[in-house]
Every structure is written in structure tokens, then in C-alpha cells.
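**Q** I have a structure I would like to understand better, so I am pasting it below and will then ask my questions one at a time.
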Amino acid sequence: MVEDFDDLKKESYRWNCFSKIDTEGVFSLSSFTIGLENIELRDIESIDYEGIYLNLHEEISSDDYFKAKRLLPLIIHEFTHFIDATSTLWGAKHMTLINDGYAATQGREGDLYKCKLLFDHFKRLSFPDYYNVVNKSNGTSISWKWSLTCGREFGHHGKITDKPILFVRFLTLSDNEIVRKPLSILSLLETTAMAQEFNAKSRLINQLREGREAEAAILERETLEYIYDPELTEYSVCTHLLANTQGCEDVGVSLKSAAMLARIVLNAPDSVFTRMRSNLSVYIKKFRLRNDDEVVRELKRSLKNLNYGALYYLLVILLPKGSVSSARAMQDGIKLSMKSYGIDINDYFRNSDDQFYKLNDALMNSNMPSIVRLSVAGRKNHGVINKYVDSLPMNTLHLPSVYLGDLNQHNFFPLEDSVFKDYNVDIMFDELSVKNKFITDFGDGCL
């Protein structure tokens, strides 16, 4: 039971790879719980946030705008993390590793390797700081170049393994290195969440009775500061790649387009990695490479390891010019990029659904009631979210209550038939957080 907000922060701390950017909210990838430390029940009761979200008010006052601005983008950001972790194919894999690892804590000693598999999975969500290079003094302008480089993971024994890491290097126009960051699963997860947050802020600005231009300018400035903060480039790298390859200077368009592709990549079936690995000829020809060049070898090895960052990179690099001109153009561009690698997007989605539902079926037979409930919600949400989603329809999704700073729980978008209706999230926290502690302790104990 969460008796102090620090309980939630401590539980999520070890694997809270969003902590550098999600300073107002907490989402735990290990217990699937959400917390808003600086929001209390009285803040929520002071505004018709749901009516504003549903656009039931044609215009809103400045007072309501600033109250809603403090609340809605934040909770939508955190709910996006929850949806990605439960309702995408990557999320179903993530939950499967959690289910197997947590179940092994109560099983035979011979099953404890599943705990280590989960421990390693958590570690790879965002690579340790060792793999990062940051030279903040060089990142004083917003004119950045980029290049792809490749490396390998070091294993627990201190030796280089066969697992590749794709890095994106950002440089000044005079070739001084600003930052080198891995293209990780975290990069994809934060891209989708930041895009939903941006959408929420934009919608609120459009509802504002007066002062829209000033607030729009503030949003653009804040988004640019986020995108070009060298410390945060692992979160923004997907947007950088798309903006640079498309020559797009509109940060909002770049962010939303990157998020559309990122969500599709989060639903990538295993068969796509295999298909793309054997069909890199267009990529090799475009960049005048050879099959035995290091970057080609490492990309193939990355795809063999089901590296989602590699898949995103290869798709974004072959998007036709002009793909960001509209949502429809982006959809068509993604189809054409996939076609370049011999992938039919209808097959992609069909295979994705088949694999998702197969994993979800197994999860719904879990011995842990919390996993079963999360799986039911994930299945229902997966079925209603558009494949090319722009704005997630929060009011139609099955979402759990959220911990507030005063330790009240609040259900922001209640559905009449919600899986989480009248559900106390302490139950989920208690069941999953205890097992997560064992995973952490056991992983640290593997010498």
C-alpha cells in the first residue's frame, strides 16, 4: 500500500528511465502505476477538466486554461506510457517478461534465470550513462548535424558482447560533437508520450478565449528547448532523425510525425525484423555501401536481436520527401518505406495483431490477478486504438486510477464498463512492487 508518495518513487526509481523528463509525474514500468506528486484532489475538483478535454466548452477562460494546462497534458503523457506498456505488441512482450519473471520468484531455483532475463530487460530500456557522451558547451545553437554510429554492449563479465547498440551522434555545423546517445526503446516510448502531451497543449491553446498567439509561442519555445537539450536527446532522438531527414523545421509536425512512426514500430511483429534483415539492398544502394561494411553488419545483427531502434532508423531513413506535409502523407510515406524493404503494411498489421493476441491470451491465464486485469485492459485498448493514431482517445480507453500528491486516488476518464471501475490500485502496487524488489535484488546478486 502506498502510504507516502516516496513509496511510489522508490518502487519505480531503479527502472524509471523517464525521470529526467517526467519531473511532475511518475510511471512505473514494473508495477504499471502512475503518480502525480504535485497534483491534489482539490486541484482536480476546481475545474471541469473532462469537459475541456472533450471540447464541450467552445472557449475557456485564462483561469481555466492555466488550471487545465497544469493537469491535462501531464496526465495524458503518463497515460500514454501506460498504454504503450500494455496495449502495443512491445508492451505485450514487456508484460510477458514481467509475468514470467515475477512468477519465477515463487518457483523453483532452476526458474530464477527468468528473473535475470527480466532484470536485463529493464536495464536495456535505457542504457546506463557509460554509453552516453555529452558536451553541453557545444550545443548552444539549434543547427545540428547527425550521424549513425555503432557499438556493442559490455556484458556482466566486462567483455564486449555480440549485442549491438546504435548511437546517434549530433554535431555542430563545424563538426564538434555535442552528444552521442543510444537509439533505445526509451526513445520510442518518450516520443509517443511527448507527442500526446504536445497535442493536449495545442488543443488547450485553440480553446483559449484570448492570448492564443502568446501561448503558442511559449509552447514552440519550450518544445524547441526540450528537443535541443543535449541531456535529453535520448528522449528526442526520434524527432531529430525525422526532422533532419525530411528537412522539417516545424517542431510540432516533426514530433507528431515521429510519434506516428514510433507507435507503429512499437507494434512491430518479429517477422518484420527477419524480412527487413534480408532486404537491405535499397538502403545499401542509397548510401553507396557494401554488404561487408560495418554499419550494414551491425544493422543486420541489430535486426536479428529485434532492435526496435534499428527498425525505426531504417524506416525513417527511406521515408519519401514530403511525408510530413500531412497525416495522410505520413501514412503513405510509411507504407512506401516499408515497401522498399519488401514489407506490405497490411501484412505488418495483421501479423502484429496475431502476435499481440497470442501473447495476451497467455497473459490472461496468469496466476497474478493484477497481470490478468492489465491484460484485459490492454486487449480492449489495443482493439480501439487506430493504427496510425494521432491523438489517443483517452475517454474511450480502460485506464487505472492515479495516485495524487495527497495520496488520494483519482480516475480521470471513467468508463461505465471499465476494467478498473472501483478498482483500488493499491492492490496492483502491492502485488507487483514486492516481486519487483526481488527481481532487483536477485539481478544485483548475479555476479
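The values are calculated or read from the model by the stated rules, or taken from the named source; none is laboratory data. Note that this is a predicted model, so its numbers are computed, not measured. Here the Cβ positions follow ideal geometry from the backbone for every residue, glycine too, while neighbour counts run over all protein chains shown. To get the accessible areas, we keep the full protein, side chains included, count just its heavy atoms, and leave off ligands, DNA and RNA. Shrake-Rupley method; radii C 1.70, N 1.55, O 1.52, S 1.80 Å.
**Q** Pick out, from segment 35-108, the helices (runs of 4 or more DSSP H) lying fully within it that include 2 or more residues that are within 19 Å of Asn381 (Cα to Cα) and touching a Gly at 6+ places or on another chain (Cβ under 8 Å).
**A** 62-87, 89-104
**Q** Before we move on, is Glu45 within 26 Å of Glu222 (Cβ to Cβ), over 23 Å from the mean Cα position of the chain (by Cα) and charged (D, E, K, R)?
**A** Here the answer is no, as Glu45 does not meet what is asked.
**Q** Mind checking whether some residue in segment 152-159 is open to solvent by less than 10 Å² (accessible area, probe 1.4 Å), at pLDDT 90 or above and either assigned to a loop (DSSP other than H, G, I, E, B) or among the aliphatic types (A, V, I, L, M) (or both)?
**A** no
**Q** Could I ask something else about it? Residue check: is Asp354 over 19 Å from the mean Cα position of the chain (by Cα) and not small (Gly, Ala, Ser)?
**A** When the stated conditions are applied, Asp354 passes them.
**Q** A further question on this structure: Would you tally the residues in segment 160-176 being within 25 Å of the chain's Cα centre (by Cα), within 20 Å of Val237 (Cα to Cα) and open to solvent by 30 Å² or more (accessible area, probe 1.4 Å)?
**A** Counting residues in segment 160-176 that are within 25 Å of the chain's Cα centre (by Cα), within 20 Å of Val237 (Cα to Cα) and open to solvent by 30 Å² or more (accessible area, probe 1.4 Å) gives 1.
**Q** Among the residues of segment 168-204, write down those that are in contact with a Phe, Trp or Tyr (Cβ under 6 Å, 6 or more places away or on another chain) and of a type in the set (Lys, Arg).
**A** Arg180 - this is the single residue of segment 168-204 that is in contact with a Phe, Trp or Tyr (Cβ under 6 Å, 6 or more places away or on another chain) and of a type in the set (Lys, Arg).
**Q** Being without any contact (Cβ under 8 Å) to a residue 12 or more places away in the chain and in a helix (DSSP H, G or I) is the filter here, so list the residues in segment 262-300 that pass it.
**A** Ser281, Lys285, Arg297
**Q** I'd like to know if segment 33-50 contains one or more residues that are at pLDDT 90 or above, over 20 Å from Ala200 (Cβ atoms) and in contact with a helix residue (DSSP H, G or I) (Cβ under 8 Å, 6 or more places away or on another chain).
**A** Looking through segment 33-50, at least one residue is at pLDDT 90 or above, over 20 Å from Ala200 (Cβ atoms) and in contact with a helix residue (DSSP H, G or I) (Cβ under 8 Å, 6 or more places away or on another chain).
**Q** So which of Phe79, Phe5, Phe18 is of a type in the set (A, V, I, L, M, F, W, C), in contact with a strand residue (DSSP E or B) (Cβ under 8 Å, 6 or more places away or on another chain), surrounded by 14 or more Cβ atoms within 10 Å (Cβ to Cβ) and at pLDDT 95 or above?
**A** On inspection, the qualifying residue turns out to be Phe79.
**Q** Whether any residue in segment 203-217 is of a type in the set (Val, Ile, Thr) and closer than 28 Å to Asp332 by Cα is what I want to check.
**A** no
**Q** So, in segment 177-220, how many residues would count as being farther than 17 Å from Arg70 by Cα, in a strand (DSSP E or B) and open to solvent by less than 20 Å² (accessible area, probe 1.4 Å)?
**A** 4
**Q** Separate question: So Gly247 clears everything in (1) among the small types (Gly, Ala, Ser); (2) open to solvent by 20 Å² or more (accessible area, probe 1.4 Å); (3) in contact with a Gly (Cβ under 9 Å, 6 or more places away or on another chain); (4) closer than 14 Å to Ser323 by Cβ except one condition, right? Which one?
**A** Checking Gly247 against (1) among the small types (Gly, Ala, Ser); (2) open to solvent by 20 Å² or more (accessible area, probe 1.4 Å); (3) in contact with a Gly (Cβ under 9 Å, 6 or more places away or on another chain); (4) closer than 14 Å to Ser323 by Cβ, the one that fails is (3).
**Q** Name the pairs whose Cβ atoms lie under 7 Å apart, with the first residue in segment 352-380 and over 25 Å from Gln106 (Cβ atoms), the second in a loop (DSSP other than H, G, I, E, B) and of a type in the set (A, V, I, L, M, F, W, C), and 6 or more positions between them or separate chains?
**A** Ser352/Ala268; Lys380/Val419
**Q** Follow-up. Hey, could you check segment 420-447 for residues that are within 23 Å of the chain's Cα centre (by Cα) and crowded, with 20+ Cβ neighbours inside 10 Å and say which is farthest from Ile76 (Cα to Cα)?
**A** Ile439
**Q** Further question: Could you check segment 162-177 and list, in sequence order, the residues that are among the aliphatic types (A, V, I, L, M) and out of contact with any strand residue (DSSP E or B) (no Cβ under 8 Å at 6 or more places or on another chain)?
**A** none
**Q** Same structure again: For segment 169-220, how many residues are in contact with a His (Cβ under 9 Å, 6 or more places away or on another chain) and more than 21 Å from Thr80 (Cβ to Cβ)?
**A** Residues meeting the conditions: 1.
**Q** Are there any pairs, at least 6 apart or on different chains, whose C-beta atoms fall under 6 Å, with the first in segment 430-447 and closer than 17 Å to Asp100 by Cβ and the second open to solvent by 50 Å² or more (accessible area, probe 1.4 Å), and if so, which?
**A** Filtered contacts from segment 430-447: Thr440/Arg14.
**Q** Could you tell me which residue of segment 326-348 is modelled with the highest pLDDT, considering only residues that are of a type in the set (A, V, I, L, M, F, W, C) and surrounded by fewer than 15 Cβ atoms within 10 Å (Cβ to Cβ)?
**A** That would be Leu336.
**Q** Just one of Tyr403, Tyr388 is in contact (Cβ under 8 Å) with a residue 40 or more places away in the chain, open to solvent by less than 20 Å² (accessible area, probe 1.4 Å) and among the hydroxyl-bearing types (Ser, Thr, Tyr); which is it?
**A** Within the list Tyr403, Tyr388, the selection yields Tyr403.
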